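> Here you go, one structure.
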Amino acid sequence: MRVYILITQEHINFYIEKIPPMPKTLKVTMQLLQESELLKASQIAKTDKALSSYLKELVNKPIYGFKNEVQDIAQIFGILGVIKSQQVVYNYMVSLLSPSQWNFFQLNKTTFYTFQADLSVGWQKILAHLGIKDREFEATITLLPASVIVSEALFCEKKEDITLLKSVKEINLNTILQRLCNQTLFDICETIAKKWDMEAKTIALLHASSGIKPANDPMCNTLGKWMHLFLFYTLSKPIYIEAGLNDFIEFNIDYVEDIYEDFALLMEVA
Amino acid sequence: MRAVIKNGVGVFHPQGFLDGNSSLSILSIEDIEATVKSNADMILVSLKKVIFFNRNGLDSFVKMFQKIRHKNHIIVGFCDYDTKKYNAINKFYKDDTSFSLFLNQEVATLFAPNFNKEQKNVLLYSEDKSQRTALAIELHDNGHNPIIAQSQKEFNQKINLKDTYDIIVKDTFLGQTGQKVASRVTGNAIIYTVSSFLDTEIGSTFNINYHENSLNVGFRLFIFDAYKVVSMNVHALNFFSKLASSSAEYNATICFVGMNFDKTPISFKETLEDSGIMFFEQMDDILQNKELLEELGASSASMVKNKRTLNKVMITELPNFIDATVSTIEMMTNAQAQKEAVQVDTIHVQEKDGKIASSIGFYGDIDGMIILIFPVEIAKKACELLIGETTEDQALILDTLAELVNIVGGKLKTLLAEHHISVDITLPRTYYDIASLMEVAQNKKGVQVDLTFNNDKFLFFLTR
């Protein structure tokens with residue numbers, strides 16, 4: 001007899017087990033970036049062809065705003081600086097988890113990288129506006145696309161079931177996961193982040209950005225609101241709506257109410 | 001984007017920011033048409049999780065609304081907003097609001113033409129006097145009891161009388177309504193409300209699908225509330241004659257109440273009576289007469305003379321029917337469901353107390369009905385994913401059970417399509433006890449399958 005169970009803790013455990021630890025090249029690159037050794041870091045990064053190619057593709061996206069194409073890794077790290085370079089390396093790590101073929105979401109390699117770039121650059125603008133220069137907080141934004149990858153991995157074979165469920169009830173993937181397995185997409189992203197030795201502060205902000213688990217630290221909580229609102233600002237773009245990302249998690253309007261005016265001014269929402 | 005369809009209302013739920021670009025990606029005319037095909041008589045866009053919208057963002061929806069309203073005679077508009085958003089929409093569309101605005105989905109449901117609703121006491125207020133009247137008439141026509149506050153002051157006073165009203169209607173605007181023939185359910189009779197001039201338009205404003213679905217799920221008495229009908233022409237006469245003939249195949253009865261023949265040839269009445277349609281002066285002449293109700297078939301489906309039995313295709317496809325049920329239960333409970341005893345007979349429920357049921361009909365290449373019977377506690381478990389919290393609210397549990405059986409219907413449709421069998425599904429129906437189910441199903445022969453998940457038993461019954 002066929003079994004139609006949607007998702008279980010075993011599925012999640014199996015998925016998490018398959019997530020590789022951070023590759024050695026990346027570990028060394030990260031370490032050198034933390035020590036502000038940009039040149040040395042670029043030399044190590046160059047040895048990883050996939051990483052080099054990713055970095056070139058990402059930073060040459062229009063949103064990064066470089067007039068001329070940047071091809072040299074040392075030049076990329078030099079232009080971005082330490083914190084942003086770390087952010088793009090984290091983005092690369094997350095991209096390693098993305099599937100070669102998307103099934104649940106209408107995404108592909110290019111649109112996913114664009115999503116990462118849109119989030120990273122927009123988040124930098126927000127942190128600059130708030131006057132925050134913090135390596136851990138900069139890194140958090142790279143984990144949001146991981147929640148999309150986790151959703152794809154867990155639900156890719158259940159697209160029809162989810163469509164049916166959503167035709168009778170306004171329900172999102174995060175809620176389904178929480179009700180069936182008592183875990184959210186953000187809990188799974190936390191496990192990934194821990195596997196990659198990311199900082200506790202990065203993870204706390206990730207949870208605050210979910211809109212369902214505010215942080216104890218007021219600063220972290222405020223940033224969580226900004227990140228939550230910014231995520232839905234981004235997910236309201238046609239490319240991501242068409243990809244099916246607009247309602248994969250729930251937008252908590254009440255949570256972001258007190259920062260909305262400031263956000264709208266910054267992003268020139270009209 | 002797909003709509004959530006419930007009680008005949010299809011609602012799209014965008015999130016975030018709506019401008020001219022994003023709204024075109026959120027909703028297409030194909031999305032709306034697919035929703036209409038799925039038995040929705042009202043199409044709404046929820047603004048609950050929209051933090052920002054501008055005129056361009058709403059305009060693309062409004063253009064689609066106009067097209068679809070004109071073509072399908074359904075109510076279209078927005079819902080789930082606060083006063084700030086309501087004022088913004090009114091400012092954008094000051095003198096040109098062709099669509100409707102409903103404070104929330106519960107309010108919208110009161111105005112849905114084909115929702116099987118119970119009568120509600122509704123406190124109603126609108127600054128606009130003509131809107132107050134229009135809303136009150138529509139509520140009344142849909143079988144509710146509107147209490148109108150004539151001023152903001154009166155509204156503020158009345159709103160404090162808690163427990164007096166079931167629902168408060170404010171910040172609501174009734175645009176061009178669908179002009180569909182409204183319907184409501186009273187007991188086991190369906191009441192359609194018709195008014196003014198009955199002519200060729202009745203063919204497009206009467207929801208024939210809904211009527212057929214109602215026949216399929218066991219309704220046998222259909223009453224046309226015709227108090228407000230001024231006259232009827234020959235096209236409408238033909239329409240009702242045909243309707244009576246097709247309904248007779250199910251042994252259903254059609255009645256007209258309050259029809260006045262001052263401006264309609266009396267010969268029309270004779271023609272309609274020859275087709276089997278009955279005429280009454282007052283609604284209570286039928287609804288308060290239990291014997292007559294029984295005679296007309298409103299208390300039981302057991303009067304059906306031509307009892308239909310399962311056919312070969314249904315038996316061949318039985319594994320698909322069971323599969324659709326089992327897979328839904330497994331999906332909803334995260335537990336493996338198992339088949340136990342199977343028997344072909346009339347429905348047999350051992351312990352009748354504390355059980356609820358739901359059914360869904362299907363029609364097309366094959367037709368019939370699936371019935372699921374659960375002990376209340378097991379129904380709650382089966383609906384946990386959709387409810388999300390522990391509840392003792394019987395109405396909510398029944399409502400969710402309807403959603404569950406809707407998913408079963410959806411899965412069945414897909415499974416049968418793989419075998420090149422095309423079916424459409426009816427709206428789900430729920431029964432708060434076994435007695436009310438038996439009114440529809442007691443003499444029907446079918447396949448009964450006892451199923452379990454986590455050692456919890458429930459019952460599946462397939463019949464025609």
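The values are calculated or read from the model by the stated rules, or taken from the named source; none is laboratory data. All values derive from a computational prediction rather than experimental measurement. Ideal geometry is used to build each Cβ from the backbone, glycine not excepted, and the neighbour counts take in all protein chains shown.
> Among the candidates B:ASN39, B:ASN56, which residue alone is surrounded by fewer than 20 Cβ atoms within 10 Å (Cβ to Cβ), within 11 Å of chain A (Cβ to nearest Cβ) and either closer than 17 Å to B:ALA108 by Cβ or free of Cβ contacts under 8 Å to residues at least 40 places away in the same chain (or both)?
After applying the criteria, what remains is B:ASN56.
Quick grid of which residues meet (1) hydrophobic (A, V, I, L, M, F, W, C); (2) within 9 Å of chain B (Cβ to nearest Cβ):
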{"residue": "A:PRO214", "(1), (2)": "no, no"}
{"residue": "A:MET219", "(1), (2)": "yes, no"}
{"residue": "A:TYR240", "(1), (2)": "no, yes"}
{"residue": "A:GLY244", "(1), (2)": "no, yes"}
{"residue": "A:GLU250", "(1), (2)": "no, yes"}
{"residue": "A:ASP258", "(1), (2)": "no, no"}
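> Additional query: Give segment A:147-185 a look and list any residue that's facing chain B (nearest Cβ under 9 Å), basic (Lys, Arg) and not in a loop (DSSP other than H, G, I, E, B), or say none.
A:LYS158, A:LYS166, A:ARG179
> Give the number of residues within segment B:443-462 that are of a type in the set (Asp, Glu) and touching a helix residue (DSSP H, G or I) at 6+ places or on another chain (Cβ under 9 Å).
Filtering segment B:443-462 down to residues of a type in the set (Asp, Glu) leaves B:450, B:456.
Those still in the list that are touching a helix residue (DSSP H, G or I) at 6+ places or on another chain (Cβ under 9 Å) too: B:456.
Number of matching residues: 1.
> Among the residues of segment B:151-184, write down those that are modelled with pLDDT under 85 and in contact with a Gly (Cβ under 9 Å, 6 or more places away or on another chain).
B:GLY175, B:ALA182, B:ARG184
> Here's a follow-up. Can you tell me which residues in segment A:185-211 are of a type in the set (D, E, K, R), within 18 Å of A:ILE16 (Cα to Cα) and either in contact (Cβ under 8 Å) with a residue 40 or more places away in the chain or outside the structural domain of A:ASN252 (by TED's automatic domain parsing) (or both)? Write out each step before concluding.
From segment A:185-211, those of a type in the set (D, E, K, R) are A:187, A:190, A:194-195, A:197, A:199, A:201; that's our starting set.
Next, from what is left, pick out any that are within 18 Å of A:ILE16 (Cα to Cα): A:187, A:190, A:194-195, A:197.
Within segment A:185-211, A:LYS195, A:ASP197 meet the criteria.
> Right, another one. For the subset of segment B:331-372 comprising residues that are part of a strand (DSSP E or B), polar (S, T, N, Q) and within 14 Å of chain A (Cβ to nearest Cβ), which member is nearest to B:GLU392 (Cα to Cα)?
We begin by selecting, within segment B:331-372, every residue part of a strand (DSSP E or B); these are B:337-346, B:355-364, B:368-372.
Filter again for polar (S, T, N, Q), leaving B:338, B:343, B:346, B:358-359.
This time we only want the ones that are within 14 Å of chain A (Cβ to nearest Cβ), so: B:338, B:358.
Working: B:GLN338: 27, B:SER358: 18 Å.
So, considering only residues that are part of a strand (DSSP E or B), polar (S, T, N, Q) and within 14 Å of chain A (Cβ to nearest Cβ), the one nearest to B:GLU392 (Cα to Cα) is B:SER358.
> If we only count helices (runs of 4 or more DSSP H) wholly inside segment A:188-270, which ones have 2 or more residues that are within 22 Å of B:LEU24 (Cα to Cα) and in contact with a strand residue (DSSP E or B) (Cβ under 7 Å, 6 or more places away or on another chain)? Spell out the reasoning first.
Numbers: elements: A:200-208, A:218-235, A:238-242, A:253-256, A:260-266.
By residue number, A:218-235.
> Taking B:PHE239 as the residue in question, decide whether it is outside any strand (DSSP E or B), hydrophobic (A, V, I, L, M, F, W, C) and crowded, with 21+ Cβ neighbours inside 10 Å. Spell out the reasoning first.
Values: outside any strand (DSSP E or B): yes; hydrophobic (A, V, I, L, M, F, W, C): yes; crowded, with 21+ Cβ neighbours inside 10 Å: no.
When the stated conditions are applied, B:PHE239 does not pass them.
> Is it the case that some residue within segment A:195-204 is among the acidic types (Asp, Glu) and touching a helix residue (DSSP H, G or I) at 6+ places or on another chain (Cβ under 6 Å)? Don't jump to the end; show me each part of the working.
Taking segment A:195-204 first, the residues among the acidic types (Asp, Glu) are A:197, A:199.
Still in the list and also touching a helix residue (DSSP H, G or I) at 6+ places or on another chain (Cβ under 6 Å): A:199.
Yes: segment A:195-204 contains one or more residues that are among the acidic types (Asp, Glu) and touching a helix residue (DSSP H, G or I) at 6+ places or on another chain (Cβ under 6 Å).
> Name the residue that is nearest to B:LYS67 (Cα to Cα), counting only residues in segment B:13-51 that are more than 24 Å from the chain's Cα centre (by Cα) and hydrophobic (A, V, I, L, M, F, W, C).
Among them, the one singled out is B:LEU24.
> Of all residues in segment A:221-238, which are at the interface with chain B (Cβ under 10 Å from one of its Cβ atoms) and of a type outside the set (Phe, Trp, Tyr)?
A:LEU229, A:LEU231, A:THR234, A:LEU235, A:SER236, A:LYS237, A:PRO238
> Among the residues in segment A:28-47, are any within 14 Å of chain B (Cβ to nearest Cβ) and either over 26 Å from A:GLU136 (Cβ atoms) or not aliphatic (A, V, I, L, M) (or both)?
Start the filter on segment A:28-47 by keeping residues that are within 14 Å of chain B (Cβ to nearest Cβ), which leaves none.
Within segment A:28-47, not a single residue is within 14 Å of chain B (Cβ to nearest Cβ) and either over 26 Å from A:GLU136 (Cβ atoms) or not aliphatic (A, V, I, L, M) (or both).
> Return the residues of segment B:377-422 that are surrounded by fewer than 18 Cβ atoms within 10 Å (Cβ to Cβ), among the β-branched types (Val, Ile, Thr) and outside any helix (DSSP H, G or I); say none if nothing qualifies.
The answer is B:THR390, B:THR391.
> Which members of segment B:6-43 meet the condition of being modelled with pLDDT of 85 or more, among the β-branched types (Val, Ile, Thr) and in a helix (DSSP H, G or I)?
Listed by number, the residues that qualify are B:ILE26, B:ILE29, B:ILE32, B:THR35.
> Can you tell me which condition B:THR328 does not meet? The list is (1) touching a strand residue (DSSP E or B) at 6+ places or on another chain (Cβ under 7 Å); (2) surrounded by 21 or more Cβ atoms within 10 Å (Cβ to Cβ); (3) at pLDDT 85 or above; (4) within 14 Å of another protein chain (Cβ to nearest Cβ), and all the others hold.
(1)
> Among the listed residues B:ASP31, B:ASP95, which satisfies the condition of being acidic (Asp, Glu), more than 10 Å from chain A (Cβ to nearest Cβ) and in contact (Cβ under 8 Å) with a residue 24 or more places away in the chain? I'd like the intermediate steps shown before the answer.
Details: B:ASP95 fails: in contact (Cβ under 8 Å) with a residue 24 or more places away in the chain.
Criteria check complete, one pass: B:ASP31.
> Hey, any hits in segment A:120-134 for a residue that's assigned to a helix (DSSP H, G or I) and within 14 Å of chain B (Cβ to nearest Cβ)?
Yes - at least one qualifying residue is present in segment A:120-134.
Let's see how each residue does on (1) in contact with a Ser or Thr (Cβ under 6 Å, 6 or more places away or on another chain); (2) in a loop (DSSP other than H, G, I, E, B); (3) of a type in the set (Phe, Trp, Tyr); (4) surrounded by fewer than 22 Cβ atoms within 10 Å (Cβ to Cβ):
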site: B:VAL45; (1), (2), (3), (4): no, no, no, no
site: B:PHE78; (1), (2), (3), (4): no, no, yes, no
site: B:ASN90; (1), (2), (3), (4): no, no, no, yes
site: B:LYS94; (1), (2), (3), (4): no, yes, no, yes
site: B:THR109; (1), (2), (3), (4): no, no, no, yes
site: B:LEU123; (1), (2), (3), (4): no, no, no, yes
site: B:GLU138; (1), (2), (3), (4): no, no, no, yes
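> Right, here's the next one. Can we say A:PHE251 is out of contact with any Pro (no Cβ under 9 Å at 6 or more places or on another chain), within 30 Å of B:GLY410 (Cα to Cα) and in the same structural domain as A:LEU154 (by TED's automatic domain parsing)? Outline the logic, then answer.
Details: out of contact with any Pro (no Cβ under 9 Å at 6 or more places or on another chain): yes; within 30 Å of B:GLY410 (Cα to Cα): yes; in the same structural domain as A:LEU154 (by TED's automatic domain parsing): yes.
Here the answer is yes, as A:PHE251 does meet what is asked.
> Return the residue satisfying two criteria in turn: it lies in segment B:109-156 and is among the acidic types (Asp, Glu) and farther than 15 Å from B:TYR192 by Cα, and of such residues it is farthest from the chain's Cα centre (by Cα). Can you show your working first?
First, the residues of segment B:109-156 that are among the acidic types (Asp, Glu): B:118, B:127-128, B:138, B:141, B:154.
From the residues that got through so far, the ones that are farther than 15 Å from B:TYR192 by Cα too are B:127-128, B:154.
Details: B:GLU127: 30, B:ASP128: 30, B:GLU154: 34 Å.
Taking the candidates together, the pick is B:GLU154.
> A further question follows. Filtering segment B:19-28 down to residues that are under 22 Å from A:LEU229 (Cβ atoms) and more than 7 Å from every other protein chain (Cβ to nearest Cβ), which residue is surrounded by the fewest Cβ atoms within 10 Å (Cβ to Cβ)?
The qualifying residue surrounded by the fewest Cβ atoms within 10 Å (Cβ to Cβ) is B:GLY20.
> Also, quick follow-up: Working carefully through the options A:GLU10, A:GLU69, find the one that is acidic (Asp, Glu), over 21 Å from the mean Cα position of the chain (by Cα) and not in a helix (DSSP H, G or I). Reasoning before the result, please.
Working: A:GLU10 fails: not in a helix (DSSP H, G or I).
From the options A:GLU10, A:GLU69, the qualifying one is A:GLU69.
> For segment A:114-132, does any single residue satisfy the condition of being hydroxyl-bearing (Ser, Thr, Tyr) and either within 16 Å of the chain's Cα centre (by Cα) or not assigned by TED's automatic domain parsing to the domain that holds A:ILE12 (or both)? Let's see the steps before the verdict.
Quick first cut of segment A:114-132, residues hydroxyl-bearing (Ser, Thr, Tyr) only: A:114, A:120.
From what is left, the residues that are either within 16 Å of the chain's Cα centre (by Cα) or not assigned by TED's automatic domain parsing to the domain that holds A:ILE12 (or both) are A:114, A:120.
Yes: segment A:114-132 contains one or more residues that are hydroxyl-bearing (Ser, Thr, Tyr) and either within 16 Å of the chain's Cα centre (by Cα) or not assigned by TED's automatic domain parsing to the domain that holds A:ILE12 (or both).
> Under 16 Å from B:LYS6 (Cβ atoms), in contact with a strand residue (DSSP E or B) (Cβ under 8 Å, 6 or more places away or on another chain) and away from every other protein chain (no Cβ under 14 Å) - does that describe any residue in segment B:412-430?
Within segment B:412-430, one or more residues are under 16 Å from B:LYS6 (Cβ atoms), in contact with a strand residue (DSSP E or B) (Cβ under 8 Å, 6 or more places away or on another chain) and away from every other protein chain (no Cβ under 14 Å).
> Another question, then. Failed condition for A:PHE105, given (1) within 14 Å of another protein chain (Cβ to nearest Cβ); (2) part of a helix (DSSP H, G or I), with all others met?
(2)
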